[in-house]
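Engineer: Take this structure, written in structure tokens, and hold onto it; I'll ask about it next.
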Number of protein chains: 2
Amino acid sequence: MEQRSAVNIANSLEQLIFDGTFADGDRLDEVRLAEQFGVSRTPLREALQRLESSGLVTLIPRRGAFVRQPGPLELLEMFEVMAELEAVCARLAARRMSDDALDMLRLANARCQAASDAQDADLYYTENERFHATIYRESGNSFLEQESLKLQKRLRPFRRQQLRLRGRMPQSLTEHEVIVEALTAGDSNAAANALRDHVNVQGERFQSLMAGLKTAAS
Amino acid sequence: MEQRSAVNIANSLEQLIFDGTFADGDRLDEVRLAEQFGVSRTPLREALQRLESSGLVTLIPRRGAFVRQPGPLELLEMFEVMAELEAVCARLAARRMSDDALDMLRLANARCQAASDAQDADLYYTENERFHATIYRESGNSFLEQESLKLQKRLRPFRRQQLRLRGRMPQSLTEHEVIVEALTAGDSNAAANALRDHVNVQGERFQSLMAGLKTAAS
DNA sequence: AACTAATATCTTGTATACAAAGTAATTGAC
DNA sequence: GTCAATTACTTTGTATACAAGATATTAGTT
């Protein structure tokens with residue numbers, strides 16, 4: 001375990017925000033949370049500061065900490081950036097990737113296939129993340145890798161639900177194969193486009209979901 | 001002024017790290033800095049936490065805070081990501097940019113021209129940043145805009161010195177014009193490539209600078 | 001003289017205490 | 001009865017106090 005409880009608390013709070021225990025706009029009471037975690041206000045405040053800089057919480061001076069879930073517009077923007085970031089990873093990876101790494105990627109995709117065959121959405125989700133993370137890594141740029149992982153993590157709660165839409169897993173798999181082919185051929189433009197489209201599908205699905213909600217609400 | 005001194009202190013420390021007052025690896029003593037800023041350790045620690053999450057400082061548990069300047073490799077990686085991020089901005093802006101915004105961009109470039117004519121590297125630097133920031137904004141994706149601005153800010157101290165290399169300002173200007181043309185034509189691929197190359201020049205210059213240092217040291 | 005072990009000192013991490021700003025409630029006037 | 005103002009009560013921001021881990025120093029042994 002960590003030695004500084006602030007990091008632990010920050011991670012725990014992050015999880016609680018992700019899984020919806022704390023909804024958007026909720027105020028995070030320092031004293032309540034402090035006794036809930038069994039610590040004093042000092043480490044808890046440090047945790048809140050951390051969450052603020054990762055964008056999960058807004059700190060209003062003299063007012064408190066408030067959960068800040070991105071709205072539909074911001075989410076669309078984040079999905080767009082994710083798609084472009086991954087396209088960049090693919091573009092770089094197409095030129096830099098080794099044969100061994102390509103084998104690893106094929107293995108990751110085989111695991112996705114197995115999860116899809118088993119109709120296991122959770123497993124597919126995990127293996128799919130590994131597939132993508134492999135491409136981040138093979139961009140050969142660890143700064144880019146870290147940034148991609150950060151955004152992937154941030155979008156995780158919103159991606160998760162979409163995989164359960166029927167027909168998405170097989171479709172995702174065929175898209176993966178196109179990506180692997182482009183990377184194998186070393187065709188950076190094709191790889192970038194394939195990966196961008198692949199990720200953009202999620203953004204579009206999300207968009208139509210939002211549009212549906214809007215229509216329903218009006 | 002801000003109400004929470006932690007943010008002020010964080011900004012001040014950031015500046016001190018940027019301008020080289022604190023070098024890479026320096027330990028930031030909490031009590032010393034606290035009395036230097038005239039506050040207690042509590043807000044200062046919060047400032048250090050902020051700096052850690054923006055990557056300027058490493059916090060080693062029970063050991064302290066250490067200035068963390070990116071090494072040559074990491075800087076190259078960051079330059080590469082900056083180039084790709086800006087390329088994405090250009091690609092999106094090419095499709096989304098309004099005529100008014102194009103005029104603003106031309107104006108920004110005219111100011112760069114004026115600074116170049118006056119041989120004013122500092123002014124050129126400022127106007128150049130505005131030119132680039134305009135493209136970020138015109139990507140129409142404010143999340144992307146913010147991320148680009150963040151990285152731009154982080155690379156600022158390393159870019160600054162390079163503009164003083166002779167011949168760089170005129171070259172930069174002609175590159176700007178290619179970018180403006182591509183954006184005017186709405187050619188997203190051309191705009192992306194032009195901006196990527198434009199930023200990559202700095203990365204390459206930096207690389208040769210590093211290589212020179214390495215050779216000199218051996 | 002060099003290495004190890006024990007102790008002393010320093011520094012970080014956490015809790016508590018206090019002060020100022022903000023919010024809610026109660027009282028008073030119209 | 002409603003609105004405003006003053007007062008009481010939270011809650012945040014900061015300082016100080018304390019505890020535990022890390023570093024430095026000194027003493028002892030080989």
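Engineer: Given a 1.4 angstrom probe, I'd like the percentage of the accessible area of the protein assembly as shown that is carbon and sulfur, rounded to a whole number.
Structural biologist: 50
Engineer: B:Phe158 accessible area, nearest 10 Å², 1.4 Å probe?
Structural biologist: 40
Engineer: Hey, another quick one. Give me the mean projected area, in nm² to one decimal, of the convex hull enclosing the Cα positions of chain B.
Structural biologist: 14.3
Engineer: For the stretch A:5-67, restrict the atom set to alpha-carbon positions and state the Rg and Dmax in Å.
Structural biologist: In Å, with Rg to one decimal and Dmax whole: 10.3, 28.
Engineer: Once you list every other residue whose beta carbon is under 12 Å from the beta carbon of A:Ala87, what net charge do they have if Lys and Arg are +1 and Asp and Glu are -1?
Structural biologist: Within the 12 Å Cβ shell, the charges total -2.
Engineer: While we're on this one: What ³J(HN,Hα) values, in whole Hz, does the Karplus curve 6.51 cos²θ - 1.76 cosθ + 1.60 give for the stretch A:128-138 when θ = phi - 60°, with x put for Gly and Pro?
Structural biologist: 4, 5, 5, 4, 5, 4, 4, 5, 4, 4, 6
Engineer: Just to confirm the number: angle between the C-alpha axis of helix B:72-96 and the first principal axis of chain B, 0 to 90 degrees, nearest 10?
Structural biologist: 40
Engineer: While we're looking at this one, here's another question. Express in Å², to the nearest 10, the accessible area of B:Asp117 obtained by rolling a 1.4 Å probe over the protein heavy atoms while all chains stay in place.
Structural biologist: 110
Engineer: Need one number: buried accessible surface between chains A and B, 1.4 Å probe, both sides summed, DNA, RNA and ligands left out, in Å² to 100.
Structural biologist: About 2800 Å² of accessible surface is lost on pairing.
Engineer: Which residue of chain A is nearest the rotation axis onto chain B, counting by its Cβ, and what is the distance in whole Å?
Structural biologist: Nearest Cβ to that rotation axis, in whole Å: A:Ser53, 2.
Engineer: Within the protein assembly as shown, how many Lys pairs sit with Cα atoms under 27 Å apart, leaving out pairs fewer than 8 places apart on the same chain?
Structural biologist: For the protein assembly as shown, the number of qualifying lysine pairs is 6.
Engineer: Rounded to two decimals, what ratio of Rg to Rh does the stretch B:53-157 give with C-alpha atoms and a Kirkwood Rh?
Structural biologist: Across the stretch B:53-157, the Cα-based Rg/Rh ratio is 1.08.
Engineer: Please give the residues from the stretch B:31-61 for which the solvent-accessible area of heavy atoms, probe 1.4 Å, is smaller by at least 50 Å² with all protein chains in place than with the chain isolated.
Structural biologist: B:Glu46, B:Gln49, B:Arg50, B:Pro61
Engineer: Given R₀ = 51 Å, FRET efficiency for A:Ala211-A:Ser98 by Cβ-Cβ distance, to 0.05?
Structural biologist: 0.75
Engineer: Between copies, how far does the label point of A:Thr58 sit from its twins, in nm, shortest first, when each point is 7 Å from Cα along Cα→Cβ?
Structural biologist: 3.6
Engineer: Which value in deg cm²/dmol, rounded to the nearest 500, describes the helix-derived mean residue ellipticity at 222 nm for chain A, given -39,500 (n - 2.57) per DSSP H run of n ≥ 4 and division by the residue count?
Structural biologist: -25500 deg cm²/dmol
Engineer: Quick one: accessible area per residue over the stretch B:5-67, 1.4 Å probe, rounded to a whole number of Å²?
Structural biologist: 51
Engineer: Oh, and also: What ³J(HN,Hα) values, in whole Hz, does the Karplus curve 6.51 cos²θ - 1.76 cosθ + 1.60 give for the stretch A:142-154 when θ = phi - 60°, with x put for Gly and Pro?
Structural biologist: Karplus-based 3J(HN,Hα) across the stretch A:142-154 equals 6, 5, 4, 4, 4, 4, 4, 5, 4, 5, 4, 5, 5 Hz.
Engineer: Follow-up. Can you list the copy-to-copy distances for B:Ala211, using a point 7 angstrom from Cα toward Cβ, in nanometres, shortest first?
Structural biologist: 5.1
Engineer: I would also like to ask the following. Let me check the size of the protein assembly as shown from its C-alpha atoms; what are the radius of gyration and Dmax in Å?
Structural biologist: Values for the protein assembly as shown (Cα only, Rg and Dmax): 23.3, 71 Å.
Engineer: What nm distances, shortest first, do you get from the label point of A:Glu177 to those in the other copies when the point sits 7 angstrom along Cα to Cβ?
Structural biologist: 5.1
Engineer: OK, next. Could you derive backbone 3J(HN,Hα) for the stretch B:171-176 from the dihedral phi with the Karplus parameters 6.51, -1.76 and 1.60 (θ = phi - 60°), listing whole Hz in sequence and x where the residue is Gly or Pro?
Structural biologist: 4, 4, 4, 5, 4, 4
Engineer: Compute the relative contact order of chain B as a whole-number percentage, counting only Cα pairs closer than 8 Å that sit 6 or more residues apart in sequence.
Structural biologist: Worked out over chain B, it gives 23 percent.
The values are calculated or read from the model by the stated rules, or taken from the named source; none is laboratory data. In this text the structure is predicted, and so the values were computed from the model without any measurement. As a convention, Cβ positions derive from the backbone with ideal geometry for all residues, glycine included, and neighbour counts pool all protein chains shown. The protein model used for the area step is the full one, side chains on, heavy atoms only, and it has no ligands, DNA or RNA in it. Shrake-Rupley method; radii C 1.70, N 1.55, O 1.52, S 1.80 Å.
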